[in-house]
Amino acid sequence: MLQYVIKRLLGLIPTLLIVAVLVFLFIHLLPGDPARLAAGPEATPETVDLVRQDLGLDRPMSEQFARFIVGTVHGDFGKSLRTKRPVSSEIADRFMPTFWLTVWSMVWAVIFGMAIGVVSAVWRNRWPDHLGMTLAVSGISFPAFALGMVLMQIFAVKLNWLPTVGADSWKHYILPSIALGAAVAAIMARFTRSSFIDILGEDFIRTARAKGLPEKSVIAKHALRNALTPVVTMMGLQFGFLLGGSIVVEKVFNWPGLGRLLIDAVDMRDYPVLQALVLLFSLEFILINLVVDVLYGWINPTIRYR
Amino acid sequence: MKISQLWAISSIVLAMGVSGTALAGKDVTMAVASTFTTMDPYDANDTLSQAVDKSFYEGLFGFDKDMKLIPVLALSYEVDSSGLVYTLKLRKGVKFHDGTDFKADSVKASFDRATNPANKLKRYNLYKNIAKTEAIDDDTVRFTLKEPFSAFINQLAHPSGAIISKAALEKYGKDIMFHPVGTGAFKFVEWKPTDYLKVAKFDAYWKKGYPKVDSILWRPVVDNNTRAAMMQTGEAQFTFPVPYEVADVLKKKSDLDVIAAPSIVVRYLSMNMRQKPFDNPKVREAVNYAINRDALVKVAFSGYAIPADGIVPDGVDYSVRFTPWKQDIAKAKKLLAEAGYPNGFETELWSAYNHTTAQKVSQFLQQQLQQVGIKAKVVMLEAGQRVERVESYADAKTAPVRLYYVGWSSSTGEADWAISPLLASDAWPPRLFNTAYYKSDKVDAGLKAALLTTDRAEKARIYREVQEELWKDMPWAPLVVEKLLYAKNKKLQGVYVMPDASFHFDEIDLMP
C-alpha cells in the first residue's frame, strides 16, 4: 500500500513536467500581447517596450521557457505581470479561502446528497423518491450564480442575517457554500440513487435478506458500502473542480479565491500566474485521484494495489 | 538616544491617537468595480488605481470635482518666454507620512524617477518631455522641458503625478509600490489585493481639520448586483459604477442617493479612411446620417448619456460644441448612391469591448446601418483580440479594422490628449489609437502650434479650428457622451465621481 502511494507520487513528476511544457506552449499561443495589455489603453510604443523589458517578455522564447522550467523546479513561479507581486504569494493568499469553501460545500453536499440518494433508492418510485429527485433536478438546473443572488437577496438584503461579501468569519461561508454545493449535492443524490438501485438488485443483497437480516442492516452494511465506489469517484472529481475555484460563485460573493484570480490572469494574459494556476490544478487533480484510489481499497478490501 | 526615545514615545502616542479615533468610528467603505493593479501612481494605467492612490498621494496640481485645475502642493507657477522653463513655488509646512518634510528635493526625486526609462514605469510616456527637474531652494522647483508643451501644468495635475517622499524612495527603491508614502490625507494601512485596501486618517495632514473621517476601506467587488446589495445592507456607503438596470432598485431606497454625473467619456464609431468605401466622405456622411443618437441613448444607455455634440466632450478644456447629427435616412441613401453604392455595401463593425452595453450599442448600430443598406457584421473583441487586431496591428495599409466602436476620456482634462492620440497622423496604430487612420495636415499643424503657445486665447482659437476641421472631415461618427452613474448613502458627503471617472473625496465626511 505505502509502496503503491510512493510509486504514484513519483509518477507525478513526469506528468507535471509534461503539463508544464504544454501549458507554456498553449498560453503563448493566446492572441494578444501581454505587454500591450499591461501598458494600458493610453500607452505609446515606447512605453510598451519598457513594459516588455520590465516583464522579461523581450527575451527569446527559448530563454523564457528555460527560465520558467528552472524556476518551477525550484518552486519559483516568477512575478505576476499585473501586480508585480510574487506568483506564489498571489496564489497563497487565495488558496485557503477557496480550499475551505470547497471543503464546507463538499461536506454538506455529500451528506445531503447521499441521504437523499439512499432515501430515494430505498423508497423507489414513491413520494420520498419523487421529492428527492425533484430537489436534485432543480439543484442541477438552477445556475449557481442565480442561486447565490437569490440567497443574498433573501438572507443578506431582506433579512439582514448574513453578510454579503468577504471571507472573514464562519457567517461568510454559509451562503457561498450553499450556492456552490447545491449542484454537487444534486449530482451526488442522483449518483447514489442509481448506484444503490443497482446494488439492491444484486444476488448478495437477496442472500442477506434471505438469511433473515433486518432491512436496516442490509442497507447500512451490505448495500451502502458497495454502492459507495462510484459515488467516491464522483466525489473526487467534484472536489477537484471546486478546488479550481468556482468563477461564478466567487464573483457573486466577491470571494477572494482562485477562480477570480484565474479570470483576471486570463484577461490580462498574466502568463506566470496562469502557468502556476494550471500546474496547481493539475497537481490537485492528481492528488485527489490518488486519495480516491486509496479510498476504494478501504471501501472494498477485495481491490488490490500493485 | 534621547531623541530616539522621544521619537518612540511620540510614535506610540500617535498610534494610540489613531486607534483612539478609529474607535469613534467614522469608517467609510467604498465598493468599486475591479481590483487595483498597483499603489504606485507612476506605474498605474487604470483610472481606478489612480483614484484610490489619491488617498495617500497628492500632486503639485490637481483637479477639483468638476475637473478644474487647482494648485495642491504647489502654490503658483511661472513660465518663461520660451515656454520651456516652468518655475514652481511650493507649499510650506507639509509633512509626509514618514515624518519628513515636503521640500523641493522630493519633487525632484519623484520626477527624476519617472523620467528615467531604466525604471520602466508605465507613465514614463507622460513625463518623458521633462529634460530636467531642479530644486532651486527648499520651496522652489524648476522644470525644464525638451520642447515647449503648453499643457504642462495639466500634465502635472494628472493623478499619476504624485509626489513621493524622497526618504521613502531611498528606503524602498522599487518596492515603493507596496509602501506608499505621500502627503495625502490618509496613510496606507493594508492592501489585500483580493479583499480590500485600507487607509487611515493622517493626523499631521497639512489642510487643518481634514480629513473628516477616520478610515476608508476600498473594496473591489466585481459583480454589479453584489455591489448593489452591499449598498442596501449598509455594508458600503459608496459604489461606482451602478449598472443602469440596478439604478431603479437603488433609487427606491430612502437612505440612498443615485447620481448621474456628467463625464468626458466620449463614445464614437471610427471609420478606416484608408480603405474603401470609407475613403469617400459621402459614405462617412451617410453613416453619420444613418444613426439616431437619441434612440441609441434610450436603447443602450437607458437614458444615461447625451448625444455627442463635438469631437472633444464638454468639460475638457478648449472643447467646442457643434449641433449633434440628426438621423436622415433619405439623405443617407442619397449620399450612398452618389458615392456609387446605391445598394449599400457589406462591412464589419468591431466593438472594442464585449460587455452588455457595448453589445446593445453594436446591435443597435448594425440595425441602423441596415436601414440605409450598409450590412455590417458585428464582432465583439475581447481584450487580447483587440490588442492583436487593432491596437498593435503594424501595417496601416492592410489594417483590417473598418467600423470600430470605442471610447476615450482625456485624463489630463485638456484638448491635446483628447485629440492627438486619436486623430493626429503620427498616432496611427500601433503608435496610438487613430483607428480611423485619419491624416490632415491642417489638424496636425494645429495640434503642434497649440502646444507651442501659452496664450489661452490663441490656443482656444487654434483648437476651435482643429475641431471644426475634424467635424467637417468626419473620421468618426461621434455617438454619445456617457453619464457616470454612482450611488451613495445619504450620510456620506463630499464624495464625487469626476468627469473622467476618477473620484474626488477631499471633503469626505460621514454624518451620524
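The values are calculated or read from the model by the stated rules, or taken from the named source; none is laboratory data. Here the structure is a predicted model, which is why all the values come from computation and not from measurement. All Cβ positions, glycine included, derive from the backbone under ideal geometry; neighbour counts span all protein chains shown. These area figures cover heavy atoms from the full protein model, side chains too; ligands, DNA and RNA do not enter into them. Shrake-Rupley method; radii C 1.70, N 1.55, O 1.52, S 1.80 Å.
Worth pointing out:
- In this structure the amide hydrogen of B:Thr194, modeled in the peptide plane, comes within under 5 Å of no amide hydrogen from residues 5 or more places off or on another chain.
- Per residue solvent-accessible surface (Å²) - the protein assembly as shown, probe of 1.4 Å: 43 Å²
- The mean sequence separation of alpha-carbon pairs under 8 Å and at least six residues apart, normalised by the residue count of chain B, gives a relative contact order of 19 percent.
- Rounded if a/c under 1.5, otherwise prolate or oblate - the range B:295-335, Cα gyration tensor axes: oblate
- The range A:152-166 - phi-based ³J(HN,Hα) in whole Hz, Karplus 6.51/-1.76/1.60, Gly and Pro as x: 5, 4, 6, 8, 9, 7, 7, 8, 6, 7, 10, x, 8, 10, x
- Neighbours of B:Phe102, meaning other residues whose beta-carbon lies under 15 angstrom from its beta-carbon, give a summed charge of +2 when Lys and Arg score +1 and Asp and Glu score -1.
- Normalised by the number of residues in chain A, the mean separation of alpha-carbon contacts (under 8 Å, six or more apart) gives a relative contact order of 25 percent.
- Long pairs among B:Lys122/B:Lys448; B:Lys146/B:Lys166; A:Lys251/B:Lys251; B:Lys397/B:Lys459, criterion Cα-Cα beyond 26 Å: B:Lys397/B:Lys459
- Summarising the amide proton neighbourhood of B:Leu485: residues at separation of 5 or more, or on other chains, whose placed amide H is nearer than 5 Å comprise B:Val242, B:Ala261.
- The slack between B:Asp66 and B:Thr233, meaning 0.36 nm per residue of separation minus the straight C-alpha distance, is 57.1 nm.
- Rough spin-label spacing in nm, given labels placed 7 Å along Cα→Cβ, for B:Glu469 and A:Asp168: 5.7 nm
- Chain-alone versus full-assembly comparison, the range A:70-98, residues with accessible loss of at least 50 Å² (1.4 Å probe): A:Arg82, A:Thr83, A:Lys84, A:Arg85
- Integer Hz, Karplus 6.51/-1.76/1.60 couplings in order for the range B:390-397, x for Gly and Pro: 10, 5, 10, 5, 7, 9, 4, 5
- Selection from B:Leu217, B:Ser263, B:Val283 lying farthest towards where the dipole of the range B:212-299 points positive, charges on Cβ: B:Val283
- Other protein chain Cβ atoms within 10 Å, averaged over every residue that makes up B:229-236: 5
- Directionally averaged shadow of the range B:254-329, computed from the convex hull of its alpha-carbon atoms, nm²: 7.1 nm²
- Gyration tensor (alpha-carbon) shape descriptor, chain A, a/c threshold 1.5: oblate
- The range B:319-478, Cα convex hull volume normalised per residue, Å³: 134 Å³
- When accessible surface is computed with a 1.4 Å probe, chains B and A are found to bury approximately 4000 Å² between them, both chains counted.
- Total formal charge among the other residues, if their Cβ is under 15 angstrom from that of A:Gly257, Lys/Arg +1 and Asp/Glu -1: -4
- The range A:236-302-the range B:355-398 distance, computed between alpha-carbon centres (Å): 35 Å
- D_trans [Stokes-Einstein, Kirkwood Rh over alpha-carbon pairs] for the range A:86-186, 4 °C, 1.567 mPa s, µm² s⁻¹: 86 µm²/s
- Too-long pairs where the Cα-Cα distance tops 25 Å, listed order kept, from B:Lys26/B:Lys207; B:Lys192/B:Lys491; B:Lys171/B:Lys207; B:Lys360/B:Lys439; B:Lys282/B:Lys439: B:Lys192/B:Lys491; B:Lys171/B:Lys207; B:Lys360/B:Lys439
- Take the Cα of B:Lys276, go 7 Å toward its beta carbon, and the backbone nitrogen atoms of the range B:332-367 under 17 Å from that spot belong to B:336-348.
- Excluding same-chain neighbours fewer than eight residues apart, the aspartates and glutamates reachable from B:Lys68 by a Cα-Cα span under 17 Å are B:Glu58, B:Asp314, B:Asp317, B:Glu414, B:Asp416, B:Asp500, B:Asp506, B:Glu507.
- Pairs of Cα atoms nearer than 8 Å and 6+ residues apart set the relative contact order; for the range B:167-277 it is 13 percent.
- Unit charges on C-beta of K, R, D, E only; dipole of the protein assembly as shown, Debye: 2080 debye
- Accessible area (Å², 1.4 Å probe, nearest 10) - B:Tyr244: 40 Å²
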